[in-house]
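Notes for the one structure printed next.
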Amino acid sequence: MNKKLPFVKRIMLKMQGFMMKAMISCDEASRLASKSLDTKLTPGEKMRMKMHLMACRFCRSFEKQIHAIRSILRSKSKEMTEDTEEKSLSTEARERLENSIKENK
Amino acid sequence: MADKTLNQKQISDPEKWVELHGDYLFRYAMMRLNNKSLAEDVVQETFLAALKARKNFAGKSSERTWFVGILKRKIIDHFRKSSREDSHDDIQKIIDMKDDDFLLSGARQGQWKTGRRPKDWMIDENDQSEKNEFWEFLKRCIAELPRRLAEVFILREMEEIETDELSNVLELKPTNLRVILYRARKQLRSCLEDNWIRAHEDRK
């Protein structure tokens with residue numbers, strides 16, 4: 001048993017060092033969450049972010065929020081553009097456009 | 001040769017363009033520019049560019065898609081021009097802006113400050129009325145962003161331009177672009193939490 005301790009301790013220290021390196025702050029985690037919406041994270045970044053999110057519900061909320069903003073923005077803006085009840089050209093603008101097309105045809 | 005021309009879909013008569021696509025293109029532009037006369041201008045530019053390019057319409061996509069493609073370039077051009085007019089100081093100011101969401105020192109350095117911790121919004125995206133309400137607040141919050149942040153955010157999130165292209169178009173370093181998008185998202189989420197969540201909770 002005694003002989004094993006230094007070994008176990010060595011492993012523990014190694015793991016601790018690894019964990020410390022892997023632990024990032026909310027500041028960094030939220031930046032990574034935002035970055036992940038734009039580009040693929042490196043495996044290291046991905047792991048650090050995941051570990052942080054597991055431990056931190058605020059950053060989990062942050063990540064969900066920025067995803068919700070993107071998804072609602074994208075779906076609503078498409079929906080509104082399709083919606084013929086929505087804003088349309090004024091009569092004056094319509095005339096102006098039609099004239100400029102006629103003149104340049 | 002003759003077969004080829006026969007197979008091609010012909011573009012409709014330009015005098016019908018306003019009737020067929022005007023409102024749609026206008027709504028598309030309004031959504032991104034949030035300014036009526038600007039939106040009318042880019043739609044006009046789009047039709048004029050389409051007149052010149054109509055021979056190139058190959059009928060591979062629908063006419064509508066073809067017009068939207070041109071409009072998209074016009075909108076990007078507009079943002080590119082407006083970003084050129086800005087002094088580099090403006091961008092630098094945004095990038096250098098102090099971040100006051102996180103603790104700057106102590107054992108909990110880098111953690112969210114107490115009043116700034118993101119909450120669980122528990123938003124149900126399948127609930128149309130909830131989504132509509134969220135959208136109203138989102139529009140207001142976007143309007144409150146500093147202009148540069150809003151423009152970059154719109155191009156990335158609504159226009160769905162990838163960041164490589166965006167940093168080329170706006171002549172921004174990729175790292176600076178990343179900071180700008182991060183700032184915009186953080187400011188929006190905080191504006192929404194202050195306003196939408198409050199209004200939402202009041203109603204419950």
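The values are calculated or read from the model by the stated rules, or taken from the named source; none is laboratory data. Quick caveat, the model's predicted, so the values are computed rather than measured. Using ideal geometry, Cβ is built from the backbone for each residue, glycine included, and neighbour counts are taken over all protein chains shown. Accessible surface is based on the protein model in full, side chains and every heavy atom, while ligands, DNA and RNA are left aside. Shrake-Rupley method; radii C 1.70, N 1.55, O 1.52, S 1.80 Å.
Pull up the stretch B:92-106, narrow it to residues that are outside any helix (DSSP H, G or I) and under 19 Å from B:Arg189 (Cβ atoms), then point me to the one that is farthest from the other protein chains (Cβ to nearest Cβ).
Here is the first cut: in the stretch B:92-106, the residues outside any helix (DSSP H, G or I) are B:97-106.
From what's left, under 19 Å from B:Arg189 (Cβ atoms): B:97-103.
Values: B:Met97: 14, B:Lys98: 12, B:Asp99: 7, B:Asp100: 11, B:Asp101: 8, B:Phe102: 5, B:Leu103: 9 Å.
Only one residue tops the list, namely B:Met97.
Applying the selection to the stretch A:50-105, what residues are more than 14 Å from the chain's Cα centre (by Cα), at the interface with chain B (Cβ under 8 Å from one of its Cβ atoms) and in contact (Cβ under 8 Å) with a residue 24 or more places away in the chain?
Hit for the stretch A:50-105 is A:Phe58, nothing else.
Go through (1) part of a loop (DSSP other than H, G, I, E, B); (2) open to solvent by 20 Å² or more (accessible area, probe 1.4 Å) one by one and return the number of the condition A:Leu37 breaks.
(2)
When the stretch B:103-152 is examined, which residues are found to be surrounded by 12 or more Cβ atoms within 10 Å (Cβ to Cβ) and of a type in the set (Gly, Ala, Ser)?
B:Gly110, B:Ala150
Output the number of residues of the stretch A:23-34 satisfying the condition of being under 27 Å from B:Val152 (Cα atoms), out of contact with any Gly (no Cβ under 7 Å at 6 or more places or on another chain) and open to solvent by less than 30 Å² (accessible area, probe 1.4 Å).
Count: 5.
Residues are listed down the side, and each one gets a yes or a no for (1) of a type in the set (Gly, Ala, Ser); (2) within 27 Å of A:Lys76 (Cα to Cα); (3) at pLDDT below 90; (4) in contact with a Cys (Cβ under 6 Å, 6 or more places away or on another chain):
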| residue | (1), (2), (3), (4) |
| --- | --- |
| B:Asp41 | no, yes, no, no |
| B:Leu51 | no, no, no, no |
| B:Arg73 | no, yes, no, no |
| B:Arg80 | no, yes, yes, no |
| B:Arg84 | no, no, yes, no |
| B:Asp89 | no, no, yes, no |
| B:Lys98 | no, no, yes, no |
| B:Gln111 | no, no, no, yes |
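Under the condition of being open to solvent by 90 Å² or more (accessible area, probe 1.4 Å) and under 30 Å from B:Lys131 (Cα atoms), which residue from the stretch A:80-105 is modelled with the lowest pLDDT?
A:Lys87
Among residues belonging to the stretch B:166-190 that are in contact with a Lys or Arg (Cβ under 9 Å, 6 or more places away or on another chain) and open to solvent by 20 Å² or more (accessible area, probe 1.4 Å), point out the one that is farthest from the other protein chains (Cβ to nearest Cβ).
Here the residue is B:Glu171.
Within the stretch B:32-49, take every residue that is among the aliphatic types (A, V, I, L, M) and either surrounded by 22 or more Cβ atoms within 10 Å (Cβ to Cβ) or outside any helix (DSSP H, G or I) (or both) and give me the one that is farthest from the chain's Cα centre (by Cα).
Step by step, filter the stretch B:32-49, then rank; the result is B:Val43.
Within the stretch B:112-165, count every residue that is within 11 Å of another protein chain (Cβ to nearest Cβ), in a loop (DSSP other than H, G, I, E, B), without any contact (Cβ under 8 Å) to a residue 60 or more places away in the chain and within 20 Å of B:Gln187 (Cα to Cα).
Qualifying residue count for the region: 6.
Could you list all residues from the stretch A:25-49 that are more than 8 Å from chain B (Cβ to nearest Cβ) and either of a type in the set (S, T, N, Q) or closer than 24 Å to B:Gly115 by Cα (or both)?
Correct list: A:Ala29, A:Leu32, A:Ala33, A:Ser36, A:Thr42, A:Met49.
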